[in-house]
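What follows is one structure encoded as structure tokens, with my remarks underneath.
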Amino acid sequence: MTKHFDEAYRILAANDRGGYTVPTDRLYPFQWNWDSAFVAMGFATFDIDRAYRELERLTEGQWADGMIPHIVFHQPSDTYFPGPDVWRTSHTIPTSGITQPPVFGMALRAVHEAAEKAGTENAKARTLALFQAGLKWHRWWYKARDPDGTGLVALLHPWESGSDNSPAWDIALAGVPTTTDTAVVRKDTGHVDAAMRPRDEDYRRFIHLVDTYAVCGWDPVKQWEKTPFKVAEVQTTGILLKAGEDLEHIAKSLGLEAEAQELANYNDLTHKALLAQWRPELSRFVSRDLISGEDIEAPTQAGFIPLLGLDLGGGMVAAAVAEMKLWSNGMKVAFPTTKPFVESWEPKRYWRGPSWAIINWLLIDGLNRNGQPDMAEALRVSTIDAIEAEGFAEYFDPTTGEGCGGLGFSWTAAAYLWLSRKERT
Ligand code: GLC
């Protein structure tokens, strides 16, 4: 056991670039948004100061309008495409122009509670500053990405979902042209097997979207009008709701009543909107393509992430759990990010089937919240076993358990530390 803890610490130390952690060397050489939130929770289990630092460095990239970008380019590197010259944003520290799932609020609560427990110096002031950044970001989500006040937030780029290459995007992405103003010079396929990465054609669509938004000067109102890709998404909205609850909890504990009320209002609205995305015939939640007005029925893990922020009634929980068991049945490592054996299922290609420790982490929390401790425990143990067998890979082939993608991955190390924290204390 101890051997793996040491390895997890070593990976986080090796990926440290000065108060922030890169996801892995070379393939992802900058600070990524939701990766850092998971990493901060990993640090919270043994180094609270460093946990705060991770979040503080992420907020250095926050835009004036409140958005926290998906990448902060603190230092240059030529091993990744698209870099700052493609994004053409205007923040002082170069950043990308899109965002990622707001795990930040969940991380802040975890770090804050660990600090309170340990009696860490300055904890309250550090929490307060980060809370203000988190609140600003949640306001941005509701204003920029839900201008009609539906309670569901929309993504304007598949990369904003964190599940970049998911079959959930196939239909919506097919409507995005493959033409680009920017030369597409992929770097990812120089680091890992092309069979595990997105297709070239889709890469051109990803860059088409970046070009479109750069021409809008990254103005959210113009982007909302011009975009050919707009999806009200349940994984991100489920995370937003849970993070919103966590920020509300922090606001109350800091005596910030107006802020707590503001967050409670957002959370109520989103709670209702997410529940309306449940589809009994599919036993899961579905996203909506706002361009076509259609439900997105592709069977992906996103359909179960809302458990994280909802307390479902018995019938719904039983149906969701039965469906999750069906997907996991016969898999060496759950939880597959695409339903096994459907046409789009590819157990090694990223986000089209593989199991990810951080997705399992979110599902485990959702299952525990909804009174399913046995299934949560089985998933926790299987995640830990997979890492111990194969190392700290980016993700795992669910059929064989093989570690795939990048190696020495920060969020896999963080997930390992977090999910086994009870064993260590
Ligand atoms: C990939 C993943 C994304 C992650 C990033 C860095 O792009 O799809 O979720 O944040 O790698 O690990």
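The values are calculated or read from the model by the stated rules, or taken from the named source; none is laboratory data. Please read all numbers here as calculations on a predicted model, not as lab measurements. For neighbour counting, all protein chains shown are included, and Cβ atoms are generated from backbone atoms with ideal geometry for every residue, glycine included. These area figures cover heavy atoms from the full protein model, side chains too; ligands, DNA and RNA do not enter into them. Shrake-Rupley method; radii C 1.70, N 1.55, O 1.52, S 1.80 Å.
Regarding residue 135, is this residue crowded, with 21+ Cβ neighbours inside 10 Å, under 21 Å from the mean Cα position of the chain (by Cα), away from the ligand (no atom under 15 Å from the Cβ) and under 22 Å from residue 47 (Cα atoms)?
Numbers: crowded, with 21+ Cβ neighbours inside 10 Å: yes; under 21 Å from the mean Cα position of the chain (by Cα): yes; away from the ligand (no atom under 15 Å from the Cβ): yes; under 22 Å from residue 47 (Cα atoms): no.
When the stated conditions are applied, residue 135 does not pass them.
Quick grid of which residues meet (1) open to solvent by 10 Å² or more (accessible area, probe 1.4 Å); (2) β-branched (Val, Ile, Thr); (3) outside any helix (DSSP H, G or I); (4) over 21 Å from residue 409 (Cα atoms):
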position	(1), (2), (3), (4)
38	no, no, no, no
53	yes, no, no, no
67	no, no, yes, yes
91	yes, no, yes, yes
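So, in segment 385-410, exactly how many residues are among the β-branched types (Val, Ile, Thr) and open to solvent by 30 Å² or more (accessible area, probe 1.4 Å)?
Residues meeting the conditions: 2.
Give the residues of segment 196-206 that are buried (at least 21 other Cβ atoms within 10 Å of the Cβ) and either modelled with pLDDT of 95 or more or of a type in the set (Gly, Ala, Ser) (or both), sorted by residue number.
205, 206, listed by residue number.
Tell me whether segment 15-29 contains one or more residues that are within 16 Å of the ligand (Cβ to nearest atom) and part of a helix (DSSP H, G or I). Let's see the steps before the verdict.
Initial filter on segment 15-29 (within 16 Å of the ligand (Cβ to nearest atom)): 15-17, 20-29.
This time we only want the ones that are part of a helix (DSSP H, G or I), so: none.
No, segment 15-29 contains no residue that is within 16 Å of the ligand (Cβ to nearest atom) and part of a helix (DSSP H, G or I).
If residue 375 satisfies every condition in (1) buried (at least 24 other Cβ atoms within 10 Å of the Cβ); (2) within 17 Å of residue 321 (Cα to Cα) but one, which is the exception?
Tallying (1) buried (at least 24 other Cβ atoms within 10 Å of the Cβ); (2) within 17 Å of residue 321 (Cα to Cα), residue 375 fails exactly one: (1).
Among the candidates 10, 26, single out the residue that is at pLDDT below 95, farther than 18 Å from residue 137 by Cα and not aromatic (Phe, Trp, Tyr).
26
Of (1) under 22 Å from the mean Cα position of the chain (by Cα); (2) within 28 Å of residue 167 (Cβ to Cβ); (3) of a type outside the set (D, E, K, R), residue 293 satisfies all except one. Which?
(1)
Can we say residue 186 is over 22 Å from residue 308 (Cα atoms), open to solvent by 50 Å² or more (accessible area, probe 1.4 Å) and touching a residue at least 24 places away in the same chain (Cβ under 8 Å)?
Answer is no for this residue.
Please specify each residue of segment 79-121 satisfying the condition of being within 16 Å of the ligand (Cβ to nearest atom) and over 17 Å from residue 244 (Cβ atoms).
79, 80, 81, 82, 83, 86, 87, 95, 96, 97, 98
Conditions: (1) over 22 Å from the mean Cα position of the chain (by Cα); (2) in a helix (DSSP H, G or I); (3) surrounded by 21 or more Cβ atoms within 10 Å (Cβ to Cβ). Residue 210 meets all but one. Number of the miss?
(1)
Here is a list: 422, 339. Which entry is surrounded by fewer than 19 Cβ atoms within 10 Å (Cβ to Cβ) and away from the ligand (no atom under 16 Å from the Cβ)?
Among 422, 339, only 422 is surrounded by fewer than 19 Cβ atoms within 10 Å (Cβ to Cβ) and away from the ligand (no atom under 16 Å from the Cβ).
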